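Read through the structure below, which is laid out as structure tokens, and then see the notes.
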Amino acid sequence: MWGGRFAEGPDAIMQAINASIGFDRRLYAQDIAGSRAHAAMLAAQGILTDSDAQSIREGLLTVLSEIEAGQFPFRVELEDIHLNVESRLTEIIGEAGKRLHTGRSRNDQVAVDFRLWVRDQCDAAISGLTALMRAFVAQAEAGADWVMPGFTHLQTAQPVTWGHHMMAYVEMLARDRSRFADARARMNECPLGAAALAGTSFPIDRHRTAAELGFDRPTANSLDSVADRDFALEFLSAAAICAMHLSRFAEELVIWSSAQFRFVRLSDRWTTGSSIMPQKKNPDAAELLRAKLGRILGANVALFTVMKGLPLTYSKDMQEDKEQVFDAADSLMLALAAMTGMVGDMTANREVLAAAAGAGFSTATDLADWLVRALGLPFREAHHVTGALVALAEAKGCDLDELSLSEMTSVHPGITQEVYSVLGVENSVRSRMSYGGTAPDRVREQVARWKTLLG
């Protein structure tokens, strides 16, 4: 490739560290699409003959079919997917293949290939998130009025509904989906034609290639075009936040499916057994999902580290961008698919949830609110009275609604029989009618809204 400048070939170790074909072959479809668009533009501009451009486009389809059939002769000495494709193209169509690289460089070529690939991954992530959101909405719709404990500090706080808890994850995943969509919109500019770093003297039409490849516009600065990897960093950042959300629910599944909680049953499809303990049903899929964040976050940190000190424009360091992104994208898509399966298959133990909802004095806040509404107490005083009643119930080994009226009036004489109407968990969740609250009617409103939005 550069034999005119160099008298010797590279050392074997240099060749090994320099070559990227072992991983960037994944960009073959994007590389061929970019080359076909480039050839068509060169012909339209009179830089290539129509005959050469036609031969190039047909030859590239032959290369594509060879790769997809597993018959392509990838060669390490050709370093990367770009030179492998171009070399094979020249073998197939002859001299015309050598004209394809007119008006471009491997710098803008890899930039457009990688951007196209990451753009596709954003689309895939959005699709995977949509499927997972539908699974959560289905769970929420089925259990819109099932009571369960809501937690803070993993301690029982207030009763909520199963549907409300499920819909919390729909909101999280919706933000993830919007992040991928935002990143996709921002990256949808075409760097092809920036050449090595300064543009080209050939009369190319960058708007044409951008449109043919589905970009909104060409990038506006040739230096930035080949130096930029923000699109990959944004994808990894969105992927890391998404994986964090998946990890949080995976942790809840691990806890909820334990013998101590029994909130949910996971299907055999997403659990494993033990080689020595026959009673075990391990939530291995959830545990593995919980760990995926480490890989994806690690990829994010790795690419930030690669890019943090690079002067403009391209440096070979940037070859280290792809493996991290490939692995993170694979991990994310696997995690989304597995979580969608688990959420779709899991069964909530409604009776266990209901029993747990009333434990731990979960209606104490409802009692304090009643003291404010019914007796006109300042909330801080109502908080103090409620705390004293909780202490009394704890000492007696009973729940708040099991205290007698005389026991309650011993703490505050204004308490009446009406107080018992707010102490049941069903009454508690029904009363939380504020927008975004856990009341079943509010949950059903959000379910209906998201079913419409998700289609």
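The values are calculated or read from the model by the stated rules, or taken from the named source; none is laboratory data. Here the structure is a predicted model, which means the values were calculated and not measured. We place every Cβ from the backbone using ideal geometry, glycine too, and count neighbours over all the protein chains shown. Just the protein is used for accessible areas: all its heavy atoms, side chains included, with ligands, DNA and RNA removed. Shrake-Rupley method; radii C 1.70, N 1.55, O 1.52, S 1.80 Å.
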Query raised in the report: Between V264 and residues 5 or more places away or on another chain, which pairs have amide H atoms under 5 Å apart, with H built 1.01 Å from N, and which residues are they?
Result: S257, N349
Query - Straight-distance crosslink candidates among lysines, where the alpha carbon sits under 27 Å from K98 and sequence neighbours closer than 8 are dropped - result: K316, K322
Requested in this report: Can you tell me the relative contact order of the stretch 402-447? Whole percent, Cα pairs under 8 Å, sequence separation 6 or more.
Outcome: 18
Report summary line: In whole µm²/s, the translational diffusion coefficient that Stokes-Einstein assigns to the chain, given a Kirkwood hydrodynamic radius over C-alpha pairs, 4 °C and 1.567 mPa s, equals 49
Query raised in the report: In degrees from 0 to 90, rounded to the nearest 10, what is the angle of the helix 322-345 Cα long axis to the longest principal axis of the chain?
Result: 40
Query raised in the report: Cα centroids of the stretch 261-319 and the stretch 79-152: how far apart, whole angstrom?
Result: 19
Query raised in the report: In nm, what is the difference between 0.36 nm times the number of residues separating L392 and A138 and their Cα-Cα distance?
Result: 87.3 nm
Requested in this report: With runs of 4+ DSSP H residues as the only contributors, calculate the mean residue ellipticity of the chain at 222 nm using -39,500 (n - 2.57) per run, divided by the residue total and rounded to the nearest 500.
Outcome: -20000 deg cm²/dmol
Query - In degrees, nearest ten, helix 106-142 long axis to first principal axis of the chain (Cα) - result: 20
**Report entry** Loop-located GluC sites (Glu not before Pro) in the stretch 8-76, at most 12 other Cβ atoms within 10 Å (DSSP)
**Finding:** E8
Query raised in the report: Under the definition of Cα pairs under 8 Å and six or more residues apart, what whole-number percent is the relative contact order of the stretch 72-231?
Result: 26
Report summary line: Rounded to 0.05, the calculated FRET efficiency for the beta carbons of R373 and I255 at R₀ = 30 Å is 0.30
Query raised in the report: Quick one: if you take sqrt(5λ) for each eigenvalue of the C-alpha gyration tensor of the stretch 277-435, what semi-axes come out, biggest first, whole angstrom?
Result: 54, 23, 14
Report summary line: Relative contact order of the chain (C-alpha contacts under 8 Å, at least 6 apart) in percent is 17
Requested in this report: Calculate, for the chain, the solvent-accessible area per residue in square angstrom, rolling a 1.4 angstrom probe over the heavy atoms of the protein chains.
Outcome: 46
Query raised in the report: Taking only Cα atoms, what is the 0 to 90° angle, nearest 10, from helix 50-68's long axis to the longest principal axis of the chain?
Result: 50
Report task. May I ask for the longest run of the chain untouched by trypsin sites (Lys or Arg not before Pro) that are loop-located per DSSP and have at most 10 neighbouring C-beta atoms (other than their own) within 10 Å? Result -> 6-307
